[in-house]
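Data block below; observations after.
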Amino acid sequence: MRSTKIQVSYHWNPSRILNHHNVFISLISLLSLTALSAPQNTTSSPKRGLVDTFNHASHDPTLFTAANSTLTWFYNYYYLPTIRRTPLTYVPMIHGLSTLSASLPAIRSLDASVTHLLTFNEPDGSAESGGSNISAPDAAEAYISSILPLRDSHGLKISLPATTGSGRGMDWLADFNASCFSLNPDVGCPADFAAVHWYGDFGGMASYLGQFHEMYPQLPLWLTEFALPAASANVTGEMMRQSLAFLDGLEWVERYSWFGAFRPVDANAFTGDGVSLVGDGGGLSELGVMYLGGEGSGYYVGQTSGAGSSAVPGVPGMGGLKERLKVLEVVFGLVVWVMWFIA
């Protein structure tokens with residue numbers, strides 16, 4: 001068979017190449033603009049609040065309580081607010097029996113913006129760890145005689161005691177419920193919401209909250225302390241990311257607050273400094289930025305002023321500059337390759 005040689009000629013067409021070039025450059029420009037302006041970590045939530053722990057530099061809370069903060073509420077383990085001039089709703093707490101008599105008249109004097117009351121912080125825990133160390137029978141007696149009247153006379157929504165996130169906490173609540181019905185057989189200790197703490201990984205938290213919800217299916221749940229102790233920054237960040245999405249998606253979780261609105265130097269030995277929402281220099285940490293809603297909400301790492309300003313001061317949408325420059329590096333690398341290919 002005679003072979004036939006087929007010759008294909010390629011006619012260089014500068015106008016066609018130029019047209020492709022212009023379209024491509026327009027596309028790259030659009031990608032570059034997107035890389036520079038697209039917000040990162042833009043999730044905020046009306047459920048999210050602040051734990052004011054007192055162990056911080058005096059100005060640090062202003063990072064979370066400014067007029068345009070994405071947080072909606074705060075508490076401070078006390079019965080009077082320690083933060084003023086903030087749109088965040090204050091939630092008082094009766095920490096333990098030692099503060100009960102002083103707290104009652106103070107709580108009655110609070111204005112109508114106060115609608116909820118937290119009761120007895122970690123009664124199953126020791127005073128050394130921040131708990132109130134109250135026996136279940138003593139807590140039930142004080143709850144019925146002194147706390148329930150605030151529910152009736154002032155219309156406050158009252159929590160169950162906020163136990164530790166452990167089997168011990170659940171056992172204490174079971175004893176508390178038994179004591180309540182022993183003292184008040186008809187209704188026990190009525191409550192409007194349940195408060196709980198959790199320190200551990202995301203999977204454990206999801207499981208524990210599920211068990212807690214099974215115990216009190218009729219009550220909204222507030223996770224008033226949670227964090228991942230003594231873990232690396234990457235692991236802690238991922239735990240927070242998973243937790244925020246999970247908690248926001250649960251209808252029966254009404255509010256939550258991360259434990260860590262302080263600098264690393266102010267962290268306790270149990271949590272370690274990786275939980276801190278504030279950096280060493282007094283600006284927001286990466287965790288702090290994530291918790292407040294991210295760059296799309298106007299926050300950036302190192303921010304030391306109040307909430308909601310541009311991520312690079314004066315330049316809207318320019319937070320996370322380092323990350324955006326990485327995107328640009330890839331984009332322009334692609335530009336160089338294509339320019340070489342069509343040359």
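Couple of notes before you dig in:
- Sites Phe270 and Asp152 - FRET efficiency at Förster radius 35 Å, r taken between beta-carbons, to 0.05: 0.40
- In the stretch 49-297, Cα pairs under 8 Å separated by at least six residues give a relative contact order of 17 percent.
- Here the simple spin-label model places points 7 Å from the Cα toward Cβ, and for Ala178 and Thr99 these points are separated by 3.0 nm.
- Value of D in µm² per second that Stokes-Einstein yields for the stretch 175-311, Kirkwood Rh from Cα pairs, at 10 °C (1.306 mPa s): 96
- Spherically averaged projected area in nm², based on the convex hull that wraps the Cα atoms of the stretch 49-297: 12.8
- If you take all other residues with their beta carbon under 15 Å from the beta carbon of Leu97, and give Lys and Arg +1 and Asp and Glu -1, the sum is -4.
- Carbon plus sulfur fraction of accessible area for the stretch 49-297, probe 1.4 Å, in percent: 52
The values are calculated or read from the model by the stated rules, or taken from the named source; none is laboratory data. Computed from a prediction, not measured in an experiment: that's the story for all the values here. Note that we place each Cβ from the backbone using ideal geometry, even for glycine, and neighbour counts take in every protein chain shown. Calculation scope for accessible area: heavy atoms of the full protein, side chains included, ligands and nucleic acids excluded. Shrake-Rupley method; radii C 1.70, N 1.55, O 1.52, S 1.80 Å.
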